[in-house]
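Chemist: The structure follows.
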Amino acid sequence: MMIFAIIGAALAAFIGFGMYKANGLKSLQIVKSVNIKGSKEEVFEMVKYLGNFPKWSPFLAQDPSQKYEVKGTDGKVGAQYHWEGNKGKDLGYQEIVKIEEYKFVGVKCDIQKPFVAKPTFDYSFTETADGIAVKQDFKLESDLASAFFMWLFGAKTQMEKTNQQGLDLLKKAVEK
């Protein structure tokens with residue numbers, strides 16, 4: 001009987017700690033940046049035109065068999081990039097919601113598989129002495145249960161790596 005009490009107490013402590021940590025992940029923001037040697041036009045248009053996304057998509061780099069399609073007028077508010085990958089296990093789209101020429105591109109995502117999420121990616125562009133600084137501001141709002149599973153599986157760390165990989169691939173695509 002004592003072993004069940006110990007296991008129960010340990011499980012309750014684990015879940016309690018996980019819920020505490022998950023509470024901090026309900027509103028997640030990841031800010032990454034990269035400096036790119038290129039003109040503001042080259043850098044901005046690589047992000048603004050969704051048809052360019054396959055050149056720097058970390059998701060396509062991770063799953064080269066991914067299928068994708070641009071819908072709407074590319075480079076305009078309302079343009080969408082739809083994807084299906086991982087043998088049908090990944091599905092969703094991203095849509096341009098705001099453009100400030102050579103300064104800002106706002107994108108919202110609608111992820112349907114492998115989980116449901118609606119993150120946003122805001123890209124801002126600043127001229128520097130070394131080229132163009134691109135800042136990516138990723139935001140995701142989650143309920144406590146989803147945040148618990150993000151904590152349990154270390155999803156924030158993976159998202160940080162993936163977001164940085166995307167910016168590194170953007171740099172490579174422009175500078176090649």
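Chemist: In angstroms, what radius of gyration and Dmax does the range 18-142 have, counting Cα atoms only?
Modeler: 15.4, 46
Chemist: Helix-only estimate, please: 222 nm mean residue ellipticity of the chain, summing -39500 (n - 2.57) across DSSP H runs of length 4 or more and dividing by its residues, to the nearest 500. Present the calculation step by step, with values, prior to reporting the outcome.
Modeler: Values: 5 runs with 66 residues, N = 176.
Counting only the DSSP helices, I get -12000 deg cm²/dmol.
Chemist: Contact order normalised by length for the chain, with contacts defined as Cα pairs under 8 Å and 6 or more residues apart; what percent is it? Present the calculation step by step, with values, prior to reporting the outcome.
Modeler: Details: 318 pairs, mean separation 53.2, N = 176.
Rounded, it is 30 percent for the chain.
Chemist: Taking +1 at the Cβ of each Lys and Arg and -1 at the Cβ of each Asp and Glu, which of Ala147, Thr157, Val174 sits farthest along the dipole of the range 133-174 towards its positive end, judged by Cα position relative to the Cα centre?
Modeler: The residue sitting most towards the positive pole is Val174.
Chemist: Hey, another quick one. Once Rh for the range 72-176 is found with the Kirkwood sum over Cα pairs, what is the Stokes-Einstein diffusion coefficient at 37 °C and 0.692 mPa s, in µm²/s?
Modeler: Details: Rh = 15.4 Å.
Translational D for this selection: 213 µm²/s.
Chemist: Lys98 to Ala117: extension gain in nm, 0.36 nm per residue of separation minus the Cα-Cα distance?
Modeler: Full extension from Lys98 to Ala117 adds 4.9 nm.
Chemist: Give the residues of the range 121-137 whose amide nitrogen is closer than 14 Å to a point set 7 Å from the Cα of Glu175 in the direction of its Cβ.
Modeler: Residues passing the 14 Å test: 130-134.
Chemist: Label-point separation (nm) for Thr126 and Asn35, each offset 7 Å from Cα along Cα-to-Cβ?
Modeler: According to this spin-label approximation, the distance is 1.2 nm.
Chemist: Next question. State which entries of Lys32/Lys172; Lys118/Lys176; Lys98/Lys176; Lys55/Lys113 exceed 26 angstrom in Cα-Cα distance in the structure shown.
Modeler: On the way: Lys32/Lys172 16 Å; Lys118/Lys176 32 Å; Lys98/Lys176 28 Å; Lys55/Lys113 23 Å.
Going by Cα-Cα distance, Lys118/Lys176; Lys98/Lys176 fall outside the 26 Å limit.
Each value in this text was obtained by applying a stated rule to the coordinates, not by laboratory testing. For clarity, every value in this text was computed on a predicted model and none was experimentally measured. All Cβ positions, glycine included, derive from the backbone under ideal geometry; neighbour counts span all protein chains shown.
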